[in-house]
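Only the coordinates and a few stated rules stand behind these numbers; no lab work does. Everything quoted here is computed from the prediction, not taken from an experiment. Don't worry about glycine lacking a Cβ; one is built from the backbone with ideal geometry, like all the others, and counts go over all protein chains shown.
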């Protein structure tokens, strides 16, 4: 990744999947632009940005169009381009996330879809003008394919995200931009803390996966480096599982 420049969106703290990826990308030689959601998260993300010597550190609430425009302008002025984009944003209102899908509110469902799925479309559109080839990577989960207890509305939302990856891969492939998703096994992140019985899910995955273990942020990060490097230049439109094989058994 030496000489590559990229944008990482979705770091909330040192337990974030996006942080595992950013750290691995930095170790591989990439230069990074890192965003934080708001002033509350800035205090957690700023020290991490220093660790990876982020060249750009900027606010980005994905629902704020002016912040996205400002970020694109800053990247243009500083680098002129990016070679990769990592999208790791997920959110659903707690009351909708922790209930049955059939009980979810229209507002909650649309909010989850907007922030967790359509945000990829908006970022891909912004990245398109900054990229001459390259790679876009997002994060999914097994609950998109099979019903996972207590995953709730995020299952349909992640299914939509994976379909979006395929469509973006075709549309942006004309510009040699690759689009893929990683589907890691469960990791204790701030987003995961909103799921009920998450500890039971982790125990189940560790017990039933072929390799009988949970994945780490480091392992997810290593997979992200591969998919955004030239070593994966012929891979696009794919959902790549990093879950110690759990998805083949369920």
Task: Extension reserve of the residue 53-residue 66 stretch, reckoned as 0.36 nm per residue once the Cα distance is removed - done: 2.1 nm
Task: Angle in degrees between helix 217-228 and the longest Cα principal axis of the chain, rounded to the nearest 10 - done: 50
Open item on the list: I need the shape label for the range 36-126. Rule: rounded when a/c is under 1.5, else prolate if a/b > b/c, else oblate, with a, b, c from the alpha carbon gyration tensor.
Closed with: prolate
- [ ] Provide 140, 104 in ascending order of the number of other Cβ atoms located within 10 Å of each residue's Cβ, fewest first.
- [x] 104, 140
Task: Cβ-based exposure ranking for 72, 45, in which fewest neighbours within 10 Å come first - done: 72, 45
Open item on the list: Considering only C-alpha atoms, what is the centroid distance from the range 68-100 to the range 109-184, in Å?
Closed with: 11
Open item on the list: What distance in nm separates the two pseudo spin-label positions at residue 146 and residue 129, each 7 Å out from Cα along the beta-carbon direction?
Closed with: 4.3
Open item on the list: On C-alpha positions alone, give me the angle between the axis of helix 65-78 and the longest principal axis of the chain, in degrees, nearest 10.
Closed with: 40
Task: Helix-only CD estimate at 222 nm, as mean residue ellipticity for the chain, using -39500 (n - 2.57) per DSSP H run (n ≥ 4) - done: -12500 deg cm²/dmol
- [ ] Determine, from the Cβ-Cβ distance of residue 105 and residue 207 and an R0 of 35 Å, the FRET efficiency 1/(1 + (r/R0)^6), rounded to the nearest 0.05.
- [x] 0.50
TODO: Assuming a ≥ b ≥ c are the square roots of the Cα gyration tensor eigenvalues, decide whether the range 205-250 counts as rounded (a/c under 1.5), prolate (otherwise, with a/b larger than b/c) or oblate.
DONE: oblate
Open item on the list: Quick check: the angle from helix 198-208's long axis to the longest principal axis of the chain, C-alpha only, nearest 10 degrees?
Closed with: 80
Task: Separation of the residue 171 and residue 122 label points, Cα + 7 Å toward Cβ, nm - done: 1.5
